[in-house]
Amino acid sequence: MSTAAAQPVPDNMAERLRACTACHGKEGRATSDGYYPRIAGKPAGYLYNQLVNFRDGRRRNPMMTYLVSNLPDAYLRDIAAHFADQHPPYAPPVPTAASTTVLERGRELTTRGDAAKNIPACAACHGDALTGVTPAVPGLVGLPRDYINSQFGAWQIGARHAAAPDCMADITRRMSNEDISAVAAYLASRPVPPNAAPANATPRKPPLDCGSITSVPGKR
């Protein structure tokens, strides 16, 4: 039997957040399970808003709600800042079985939108490179197809919503199931650009007045 004294556990954010990385992967880089997204490198404002949404019931996930239900805003900001500062490499995209027609429809919606349905391009808010925009718009590349599909579904049924005005919920309800599948397939097929990072917000007014964009630390 060893008589060596037990080593104390370091008191740092990486150790405190092992409950997060158990599902979201080392440093928040995601795992092979398509329903746990990458949180590493996401804008801190976005991560903070989502933690608040889980805590306050605007997003429904029993495990996430349990983990953050008693945490104050200040600690949620610390968690968001920690993962926003992590930049592990991205895994390559999983090969897709989607047809050329489906991928082209996804590319059209992602880059240009559909004016007839009043659906704006994903790139209009999420950045030309789809890597997100500071302080609170997440990147879309590097996410699994299953996760993207599941989040569209959550917005459709009200299991996920943001502070009003809830742009993503409104946009998603204008999309057909075929549109959603096409966007998810296209986004999941895209390689992540080298040194990907959220773009800096420009002084211009964003194309949509979204509660999820304006509800960031210091603006709640």
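The values are calculated or read from the model by the stated rules, or taken from the named source; none is laboratory data. For clarity, every value in this text was computed on a predicted model and none was experimentally measured. Note that we place each Cβ from the backbone using ideal geometry, even for glycine, and neighbour counts take in every protein chain shown.
Per-structure values
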item	result
Elements of type helices (runs of 4 or more DSSP H) contained in the stretch 6-62, each with 1 or more residues being acidic (Asp, Glu)	13-16, 44-56
Residue that is under 17 Å from the mean Cα position of the chain (by Cα), under 26 Å from Thr202 (Cα atoms) and in a loop (DSSP other than H, G, I, E, B), where the choices are Ala80, Ala91, Ala163	Ala163
Sole exception among (1) at pLDDT 95 or above; (2) farther than 17 Å from Pro198 by Cα; (3) of a type outside the set (Phe, Trp, Tyr) for Arg60, by number	(1)
Single residue of Val52, Val68 found to be without any contact (Cβ under 8 Å) to a residue 24 or more places away in the chain and either buried (at least 18 other Cβ atoms within 10 Å of the Cβ) or in contact with a Ser or Thr (Cβ under 6 Å, 6 or more places away or on another chain) (or both)	Val68
Pairs where the first residue, in the stretch 194-220, is exposed (fewer than 12 other Cβ atoms within 10 Å of the Cβ) and the second is modelled with pLDDT of 70 or more and among the hydroxyl-bearing types (Ser, Thr, Tyr), C-beta under 9 Å, 6+ apart	Asn200/Thr134
Residue within the stretch 118-133 that is touching a Ser or Thr at 6+ places or on another chain (Cβ under 7 Å) and part of a helix (DSSP H, G or I) present	yes
The listed residue being among the polar types (S, T, N, Q) and exposed (fewer than 15 other Cβ atoms within 10 Å of the Cβ), out of Asn177, Asn149	Asn177
Test: residue in the stretch 205-219 that is modelled with pLDDT of 95 or more and of a type in the set (Ser, Thr, Tyr)	no
Filter result (part of a helix (DSSP H, G or I), over 19 Å from Asn149 (Cβ atoms) and either within 12 Å of the chain's Cα centre (by Cα) or not acidic (Asp, Glu) (or both)) within the stretch 63-74	Met63, Thr65, Tyr66, Leu67, Val68, Ala74
Where Ser176 falls short, out of the listed (1) hydroxyl-bearing (Ser, Thr, Tyr); (2) at pLDDT 95 or above; (3) under 30 Å from Asp78 (Cβ atoms)	(3)
Selection status of Asn12, more than 24 Å from Val137 (Cβ to Cβ) and of a type in the set (S, T, N, Q)	yes
Check on Ala169, assigned to a loop (DSSP other than H, G, I, E, B), within 30 Å of Arg55 (Cβ to Cβ), at pLDDT below 95 and within 17 Å of the chain's Cα centre (by Cα)	no
